Structures are given as C-alpha cells and as structure tokens.
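Working notes for the structure below.
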Amino acid sequence: MGHLTVTFQGSCAHFVDSIPHIPHRVVLPDAVRFHHGFVTVDRPEGPKESEYFLAPHYARLLCDDVQASLTVDDAMYHGWIYESVRLRVENACEPAFKYENWDALPRLVRYDRNYRIARGVVDGPGARCQFDFDGGTFTVFIAPETRAFYVTARIATDGAPQLRVLRPGWPTERIITLPEGANLVVENSGPMCREETARFDFLVNYLTAEGGIPRHLAEPPPGMFPDLEQGSGGGAGTDTSAACSNTGYP
C-alpha cells in the first residue's frame, strides 16, 4: 500500500457531487490572459464599486525529483500545463471520502448568489486542468499570515502512485509513476499574486461560472479588501495572497 499527497494552491475550485459520475473534481480555470472589469461588492458600510485587473495565472505541477518526467506531448512540459488536461490517480484505492475543516473553504455561491456552473469549463475542455478523485482525505488549511485557503488530498494507492494525464478530445495520454509517498503540488497562480493589485484574484475562480466573472458580489471574498483581513505578508503553506485561494461548490 502506497500513498500520495496532493496540495492545491492558488485559484483551484473544488466541485463536490456536482458532476455526473465524478464525486470530486478540482478545476483550475484557464486564466492565462489579462482580465479587466468592474465589480460591485456589498461591504459592511454599503456597496462599493471597484475596477479590477487580473494578471495571468499559470497552471503547473510540482513534484521533487521527478519534475522533468511531468511532461506530456502537446500538453505539459516539466510540470507547466499549456493545454487542457485531465488528471487522475490511476491506482488509487481509497474506498470513500473524508473531509476535514471543509466548512472553512470559501464557497462560490456565498459571494455570487446567482452562480451557475459553466459546463464547458467544469465538465468540458474549457479549463486548463481538471483533477478527478474517487476517494481520499481532503483537508482545508489557511496560511497563518497570508490567510490564503489551500487544500491537501491524501490518497491511498496500490503501490507507487501513478498519475494519469489525458488531453480531452485528443489521443494524448500518459501514465507518470511518482515516488512512493510523493507530495504533488497543483498550482494555479502567477508572478503578480503577492502584489497589491492581486487583491482581486479571487475573481479568477469565477471563470468557472456561466457568463464569467460577475458584476456583483454579496459580500467581500478573501483578500479583496485588506482592511477587512487579519494578517498580511508571506505565510507558511502557500506563497500567494489571501485572494489567490481555493474555493468550493456547492
């Protein structure tokens, strides 16, 4: 019996029991382009309209000692994902799910009450990366200083973990064997994620929504208004700001 730990950092959306036959899918939105717009957020003192700029986010896998092997023709190079891919632990043998501290994970519908899943992104080829699970222990953490939310998944495997990489709609497929007990980081962030302008990065998660980023949010999401946050600066567990956090649905 082996195991694999997967850590999701940055803009990664967890969809639980939301997609037919897939009990847990993590979606990394395709956010390699700049996004600009306006959003009105209901703050405690009243609505506030803000102009936002979202710098590019890049999806990648990180795993010590085997980084060069994280390569798939026409899809991924040394862990950098440049075409849509779907991932799965091929030899996972977890019989069930366990969720720890799950209620702490920010929910997409909490901030956008009209949120609807964009099926072409969440259940189609429109995302940069989708990672599917049939079981495992999922735990929500909050970086103590940045207040960024991130999730780890611990998966039991039959032997050394085998990562299946599929490019939807293409014959491209590969099985990558990872070291026993490996720690695989799945990240969707960018070089600007620690800058002051990154305070709107939570909006990247709404690229999974029908119609894209909303014009109105019912309350401030993580990191958007630093005066409402506790803690700032770098923190253990993640190198992104509070706004560049994992989220969940429903």
So ASP42 clears everything in (1) among the charged types (D, E, K, R); (2) farther than 25 Å from ARG154 by Cα; (3) exposed (fewer than 14 other Cβ atoms within 10 Å of the Cβ) except one condition, right? Which one?
-> (3)
ILE213 vs (1) in a strand (DSSP E or B); (2) in contact with a helix residue (DSSP H, G or I) (Cβ under 6 Å, 6 or more places away or on another chain); (3) of a type in the set (Val, Ile, Thr): all pass except (1)
Looking at ALA182, is it within 29 Å of LEU70 (Cβ to Cβ) and either at pLDDT 95 or above or in contact with a Gly (Cβ under 9 Å, 6 or more places away or on another chain) (or both)?
-> yes
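Residues checked against (1) part of a strand (DSSP E or B); (2) among the hydroxyl-bearing types (Ser, Thr, Tyr):
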residue: HIS3; (1), (2): yes, no
residue: THR7; (1), (2): yes, yes
residue: SER18; (1), (2): yes, yes
residue: ARG25; (1), (2): yes, no
residue: ASP30; (1), (2): no, no
residue: ASP42; (1), (2): yes, no
residue: PRO47; (1), (2): yes, no
residue: TYR52; (1), (2): yes, yes
residue: ASP65; (1), (2): no, no
Restricting the range 200-227 to residues that are more than 16 Å from the chain's Cα centre (by Cα) and of a type in the set (D, E, K, R), the residue that is farthest from GLY120 (Cα to Cα) | ASP227
Could you pull out the residue among GLU173, GLU180, GLU187 that is crowded, with 24+ Cβ neighbours inside 10 Å and of a type in the set (D, E, K, R)?
-> GLU187
Apart from one, (1) small (Gly, Ala, Ser); (2) part of a loop (DSSP other than H, G, I, E, B); (3) under 20 Å from ASN183 (Cβ atoms) all hold for ALA59; the odd one out is (2)
State which residue pairs qualify: first residue within 19 Å of THR208 (Cα to Cα) and inside the range 129-143, second residue small (Gly, Ala, Ser) and modelled with pLDDT of 95 or more in any location, beta carbons under 9 Å apart, and separation of 6 or more residues or different chains.
-> CYS129/ALA59; CYS129/SER84; GLN130/SER84; PHE131/ALA153; PHE133/ALA92; PHE133/ALA153
Selection within the range 87-106 - in contact with a Gly (Cβ under 8 Å, 6 or more places away or on another chain) and over 16 Å from ALA156 (Cβ atoms) | TRP102, LEU105, PRO106
Close pairs (7 angstrom Cβ cut-off, 6 or more residues apart or separate chains): without any contact (Cβ under 8 Å) to a residue 24 or more places away in the chain and closer than 19 Å to ARG116 by Cβ in the range 1-24, buried (at least 23 other Cβ atoms within 10 Å of the Cβ) and of a type in the set (Asp, Glu) anywhere = none
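Rundown of residues vs (1) under 30 Å from PRO171 (Cβ atoms); (2) of a type in the set (Asp, Glu); (3) in contact with a Phe, Trp or Tyr (Cβ under 9 Å, 6 or more places away or on another chain); (4) exposed (fewer than 15 other Cβ atoms within 10 Å of the Cβ), yes/no style:
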| position | (1), (2), (3), (4) |
| --- | --- |
| ILE19 | yes, no, no, no |
| PHE53 | no, no, yes, yes |
| TYR58 | yes, no, yes, no |
| GLN67 | yes, no, no, yes |
| ASP74 | yes, yes, yes, yes |
| LEU105 | no, no, yes, no |
Okay, strands (runs of 3 or more DSSP E) sitting entirely in the range 89-203 with 3 or more residues that are not aromatic (Phe, Trp, Tyr), I get 129-133, 136-142, 149-157, 162-166, 173-177, 183-189
Name every residue in the range 76-99 that is more than 24 Å from ASP134 (Cβ to Cβ) and either within 18 Å of the chain's Cα centre (by Cα) or crowded, with 18+ Cβ neighbours inside 10 Å (or both), in order of residue number.
-> TRP80, TYR82, GLU83
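The values are calculated or read from the model by the stated rules, or taken from the named source; none is laboratory data. These figures come from a predicted structure and were not determined experimentally. A quick note on method: Cβ atoms are made from the backbone with ideal geometry, for glycine too, and the neighbour counts reach across all protein chains shown.
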